[in-house]
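K.L.:
One structure coming up, written as C-alpha cells, with questions to follow.
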There are 2 protein chains.
Amino acid sequence: MIPIIRPIEIRGRRLGSGAGPLICTPVVGRTREAVLGELATVLAKRPDLVEWRVDFFEGIADTGAVTELAAEMRRRAGDTPILFTRRSDREGGEAVPLSEEEVVALYEAVCGSGSIDIVDYETGNPAERVRRVREASRAHGVAMIQSYHNFAVTSTREEMMERLAAAERQGADIAKLTVMPTKLEDVLELLAVTAEAAKALSIPVMTMSMGGYGSLTRMFGWVFGSAITFAVGDRSSAPGQVPIDDLRTVVAITRKALPGDKSG
Amino acid sequence: MIPIIRPIEIRGRRLGSGAGPLICTPVVGRTREAVLGELATVLAKRPDLVEWRVDFFEGIADTGAVTELAAEMRRRAGDTPILFTRRSDREGGEAVPLSEEEVVALYEAVCGSGSIDIVDYETGNPAERVRRVREASRAHGVAMIQSYHNFAVTSTREEMMERLAAAERQGADIAKLTVMPTKLEDVLELLAVTAEAAKALSIPVMTMSMGGYGSLTRMFGWVFGSAITFAVGDRSSAPGQVPIDDLRTVVAITRKALPGDKSG
C-alpha cells in the first residue's frame with residue numbers, strides 16, 4: 001500500500017524527496033513587470049517548481065520578448081526549475097494571437113534558449129505537433145509534460161486512463177490529467193484513476209480534480225501517486241488551488257499519519 | 001455538491017456548527033485514576049465529544065464502580081457530551097469478564113444514571129439485545145449509535161450500505177461503520193459509501209477506514225458526509241487516529257478550500 005510517486009528528474013537532478021508531492025506555483029502575469037513581480041513572490045515561498053503560464057503574457061507573439069523574459073526568470077529563479085506552459089483556450093487557457101504552428105515554433109525557440117527546464121504541451125494537439133515539441137525538448141534536455149484538461153466534466157475511468165496512457169505512448173516524461181467534478185463522487189473517481197495509472201504507467205503522473213471539492217485532490221492526490229500538485233504562491237491559475245503554506249501543512253500532517261518511511 | 005452532514009442533537013442541544021465534523025476523543029484508561037487523568041487531558045483539548053471505552057476499564061464487572069465513575073466524569077466534563085462504549089472483542093475491543101446479558105444490564109444501568117449522553121452498541125448483537133439497549137437509552141434521553149467494525153477488510157459497497165441501513169432500521173440515532181483497508185482503493189470505496197449513505201439514510205452516519213491510509217478518512221470523511229470523527233486527545237483507541245490539533249488544522253484548511261457557506 002506504499003504510495004507510488006515516480007521520481008521526476010530535471011536535467012539529471014532528482015526533484016524532491018519522494019515523500020510528498022512536488023509543489024508547483026503558477027505565474028500568470030500579463031506584463032514583463034507583473035511576471036517578474038509574481039516570480040519574486042512565489043520564489044520566496046520555495047516551491048519545487050515554477051510554472052510560467054505564457055498564454056497570460058501579452059508579449060507572447062514576440063518570440064524575442066518571450067525568450068528574453070524566460071532568460072531573466074532563469075537568472076532570478078536560481079535552482080528552481082521553470083515549467084513553460086501555453087495552455088490552449090480549448091483547455092482552459094487564455095486566447096492568444098498565435099496560430100498553433102506559431103505556438104510550436106515558440107516552444108522550439110524556448111526549448112533552445114536553455115532558460116526553461118520543462119514544457120507542458122497538450123496531448124489533444126495533432127500528433128505531428130506533439131512530436132515536434134517532443135523532439136525540440138529532447139534535443140535540449142528539456143522534460144516534457146503531455147497534458148489533458150476537461151473544464152466541464154470528469155470523464156469515465158476508461159477515458160481518463162486512456163488520456164494518461166496516450167501521453168506515455170507519445171513519449172511524454174510526465175502525463176498530466178485535469179478534470180472538473182460535477183458531483184462529489186467524481187473526486188473519488190479521479191483518485192482511483194490516479195492509483196491505477198501510477199501503477200500501470202512507466203512515467204510519473206500528475207492528476208487533479210478542479211473546483212472546491214477538487215481541492216481535496218490537490219492536497220491528497222500524492223497519496224494515490226500524483227507526483228506534482230499546483231498551489232497558489234501569488235495568484236491562482238485554476239479553480240480549487242490552495243495556498244502553498246496550507247498545502248505544505250496538510251502534506252506534513254498526512255505524512256505523519258501514513259504508514260511507511262517518514263524519514264524523507 | 002454541498003456536503004451532507006446531518007446534525008446531531010444530544011438532549012435537545014445541537015452539537016457543532018455543521019461546517020465540519022464533530023471530533024470525539026477516546027478515553028481508554030484501565031483504572032479510575034487513569035480514566036480521570038485521561039479525561040482531564042482530553043478535555044483541555046476541547047473535543048466535541050468524549051468517548052469512554054469502558055471495555056478497557058478493569059472495574060467493568062462492578063456496575064456500581066462504573067456508574068460512580070461515569071458520574072464523576074459527568075461532573076468534570078461540564079457541557080461536553082459523554083459517549084459510553086463497550087467495544088466487543090469480536091469488533092476490536094478488549095475482552096471483558098461479562099456475559100452479553102450482563103453487558104446489556106450495564107448499558108441499562110448507565111442509561112438510567114443520567115451521567116452519559118450517548119451509547120454505542122453493535123448492530124451485530126442479537127436484535128433483542130439491540131432493542132433493549134434502544135429502549136433503555138430512549139427512556140432516559142440518551143442517544144444511540146449502532147455500530148459495525150471490521151478489523152480485517154473493507155466489505156463490498158453493498159454490504160457496507162446494508163450495515164448502515166440496518167442501524168437505521170433498528171432505530172439508531174447515528175449509524176457507524178468502521179472498516180480496514182487492505183489496499184489504497186478501499187479508502188475510496190469507504191468514502192463513496194459514506195456519500196451514498198449520507199444521502200440515502202435519514203439519520204447521521206459516521207464512517208472511517210482504519211490504519212495509515214485510513215487516516216485520510218478521519219481527516220476528510222466529513223466532506224463526504226461523515227458526522228463524527230475520532231482523534232487522539234491523549235491515547236489512541238484504534239489504528240490511524242490522528243492528534244486532535246492536527247485534525248482541526250486539516251479541517252480548517254479544507255473548509256477554506258471547499259465551496260459553500262464558510263461562516264459556520
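K.L.:
For segment B:238-250, which residues satisfy the criterion of being within 11 Å of chain A (Cβ to nearest Cβ) and assigned to a helix (DSSP H, G or I)?
P.N.:
The answer is B:245, B:246, B:247, B:248, B:249, B:250.
K.L.:
Please enumerate the residues belonging to segment B:1-48 that are in a strand (DSSP E or B), within 20 Å of residue B:231 (Cβ to Cβ) and modelled with pLDDT under 95.
P.N.:
B:8, B:10, B:15 - these are the residues of segment B:1-48 that are in a strand (DSSP E or B), within 20 Å of residue B:231 (Cβ to Cβ) and modelled with pLDDT under 95.
K.L.:
For segment A:1-31, name all the residues that are open to solvent by 70 Å² or more (accessible area, probe 1.4 Å), touching a Gly at 6+ places or on another chain (Cβ under 7 Å) and not hydrophobic (A, V, I, L, M, F, W, C).
P.N.:
A:11, A:17
K.L.:
On the basis of being over 23 Å from residue B:212 (Cβ atoms), more than 8 Å from chain B (Cβ to nearest Cβ), touching an Asp or Glu at 6+ places or on another chain (Cβ under 7 Å) and of a type in the set (Gly, Ala, Ser), does residue A:175 make the cut?
P.N.:
yes
K.L.:
Follow-up. Would you check if there is a residue in segment A:97-108 being within 14 Å of residue A:137 (Cβ to Cβ) and among the acidic types (Asp, Glu)?
P.N.:
yes
Yes/no per residue for (1) open to solvent by 10 Å² or more (accessible area, probe 1.4 Å); (2) under 18 Å from the mean Cα position of the chain (by Cα); (3) of a type in the set (Asp, Glu):
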| position | (1), (2), (3) |
| --- | --- |
| A:155 | yes, no, no |
| A:166 | yes, yes, no |
| A:170 | yes, yes, no |
| A:225 | no, yes, no |
| A:257 | yes, no, no |
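K.L.:
For segment A:89-97, indicate whether the set of residues that are small (Gly, Ala, Ser) and in contact with a Phe, Trp or Tyr (Cβ under 7 Å, 6 or more places away or on another chain) is non-empty.
P.N.:
yes
K.L.:
In segment A:233-255, how many residues are open to solvent by 20 Å² or more (accessible area, probe 1.4 Å), over 28 Å from residue A:196 (Cβ atoms) and either at pLDDT below 95 or out of contact with any helix residue (DSSP H, G or I) (no Cβ under 7 Å at 6 or more places or on another chain) (or both)?
P.N.:
Going through segment A:233-255 one residue at a time, the tally reaches 5.
K.L.:
On the given criteria, is residue A:162 of a type outside the set (A, V, I, L, M, F, W, C), surrounded by fewer than 17 Cβ atoms within 10 Å (Cβ to Cβ) and free of Cβ contacts under 8 Å to residues at least 40 places away in the same chain?
P.N.:
yes
K.L.:
Residue by residue through segment B:1-42, note down the ones that are under 30 Å from residue A:187 (Cα atoms) and over 17 Å from the mean Cα position of the chain (by Cα).
P.N.:
Correct list: B:1, B:2, B:3, B:4, B:17, B:19.
K.L.:
Follow-up. Can you find a residue in segment B:58-78 that is buried (at least 22 other Cβ atoms within 10 Å of the Cβ) and either of a type in the set (Lys, Arg) or within 16 Å of the chain's Cα centre (by Cα) (or both)?
P.N.:
no
K.L.:
Same structure again: Given the structure, is residue A:235 basic (Lys, Arg), outside any strand (DSSP E or B) and more than 14 Å from every other protein chain (Cβ to nearest Cβ)?
P.N.:
yes
K.L.:
Which of the residues belonging to segment B:179-230 are more than 11 Å from every other protein chain (Cβ to nearest Cβ), in a loop (DSSP other than H, G, I, E, B) and either of a type in the set (A, V, I, L, M) or within 19 Å of residue A:190 (Cα to Cα) (or both)?
P.N.:
B:180, B:201, B:203, B:210, B:227
K.L.:
Where residues in segment A:119-153 are over 12 Å from residue A:104 (Cα atoms) and aromatic (Phe, Trp, Tyr), which of them is surrounded by the most Cβ atoms within 10 Å (Cβ to Cβ)?
P.N.:
It comes out as A:148.
K.L.:
Look at residue A:51 and say whether it is within 15 Å of the chain's Cα centre (by Cα), part of a strand (DSSP E or B) and surrounded by 16 or more Cβ atoms within 10 Å (Cβ to Cβ).
P.N.:
Here the answer is yes, as residue A:51 does meet what is asked.
K.L.:
Going by the conditions given, is residue A:82 over 19 Å from the mean Cα position of the chain (by Cα) and either surrounded by 20 or more Cβ atoms within 10 Å (Cβ to Cβ) or among the hydrophobic types (A, V, I, L, M, F, W, C) (or both)?
P.N.:
Against the criterion (over 19 Å from the mean Cα position of the chain (by Cα) and either surrounded by 20 or more Cβ atoms within 10 Å (Cβ to Cβ) or among the hydrophobic types (A, V, I, L, M, F, W, C) (or both)), residue A:82 does not qualify.
K.L.:
Still on this structure: Among the listed residues A:69, A:83, A:98, identify the single one that is over 30 Å from residue A:189 (Cα atoms) and not in a helix (DSSP H, G or I).
P.N.:
Exactly one residue qualifies, and that residue is A:98.
The values are calculated or read from the model by the stated rules, or taken from the named source; none is laboratory data. All figures in this text were calculated on a predicted structure; none of them were measured in a lab. Because the Cβ atoms are built from the backbone with ideal geometry, glycine has one as well, and the counts that use them run over all protein chains shown. Just so you know, the surface numbers come from the protein's heavy atoms only, side chains and all, with ligands and any DNA or RNA stripped out. Shrake-Rupley method; radii C 1.70, N 1.55, O 1.52, S 1.80 Å.
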